[in-house]
């Protein structure tokens, strides 16, 4: 895992952006070439997470760009998968425990990818594909 030590990283870009929400199978979702921010609410298995991450990084490899991945209410298994992915950059954790006191999963994990050139995106995509079943 790469980490930006001591550097404040804004989560909101200062540009006009279009936000779209999709309700479909995450495993079959075709990532648009310009998509650069992804939000997840721990809705599926670890195997599906690996598959989805492979699709996202595959899209980055085809059209390199900075990307942010946000995970609300992550399980310990999600956290481990994300932290173990050498090609993901951990940005920060946002504590949301004020929403439901006493629930330690009330947080948002923030990661970036697409910062290390084509080689980095390719490695991430391939490493996640190897970990994904089937």
Exercise. Within the range 1-18, which residues are assigned to a loop (DSSP other than H, G, I, E, B) and either closer than 13 Å to residue 92 by Cα or at pLDDT 80 or above (or both)?
Worked result: 1, 4, 5, 6, 7, 8, 9, 10, 11
Exercise. Looking only at the range 37-53, which residues are assigned to a loop (DSSP other than H, G, I, E, B) and in contact with a helix residue (DSSP H, G or I) (Cβ under 9 Å, 6 or more places away or on another chain)?
Worked result: 42, 44, 45
Seminar exercise, completed: Screening 25, 33, 59 for residues that are modelled with pLDDT under 90 and either in a helix (DSSP H, G or I) or under 14 Å from the mean Cα position of the chain (by Cα) (or both) leaves only 59
Exercise. So residue 68 clears everything in (1) more than 22 Å from residue 103 (Cα to Cα); (2) in contact with a helix residue (DSSP H, G or I) (Cβ under 9 Å, 6 or more places away or on another chain); (3) in contact (Cβ under 8 Å) with a residue 40 or more places away in the chain except one condition, right? Which one?
Worked result: (2)
Problem set entry | the range 71-88 - residue that is free of Cβ contacts under 8 Å to residues at least 60 places away in the same chain and under 10 Å from the mean Cα position of the chain (by Cα) and, of those, farthest from residue 106 (Cα to Cα) | 82
For this session: Say whether the condition of being more than 15 Å from the chain's Cα centre (by Cα), modelled with pLDDT under 90 and surrounded by fewer than 11 Cβ atoms within 10 Å (Cβ to Cβ) is met by at least one residue in the range 37-51.
Result: no
Exercise. What is the one condition in (1) in a helix (DSSP H, G or I); (2) modelled with pLDDT of 85 or more that residue 125 does not satisfy?
Worked result: (2)
Exercise. So which residues in the range 85-113 are surrounded by 13 or more Cβ atoms within 10 Å (Cβ to Cβ) and in a loop (DSSP other than H, G, I, E, B), if there are any at all?
Worked result: 85, 87, 88, 96, 105, 106
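The values are calculated or read from the model by the stated rules, or taken from the named source; none is laboratory data. This is a predicted model, so every value here is computed, not measured. Every residue, glycine as well, gets a Cβ built from its backbone with ideal geometry; the counts of neighbours run over all protein chains shown.
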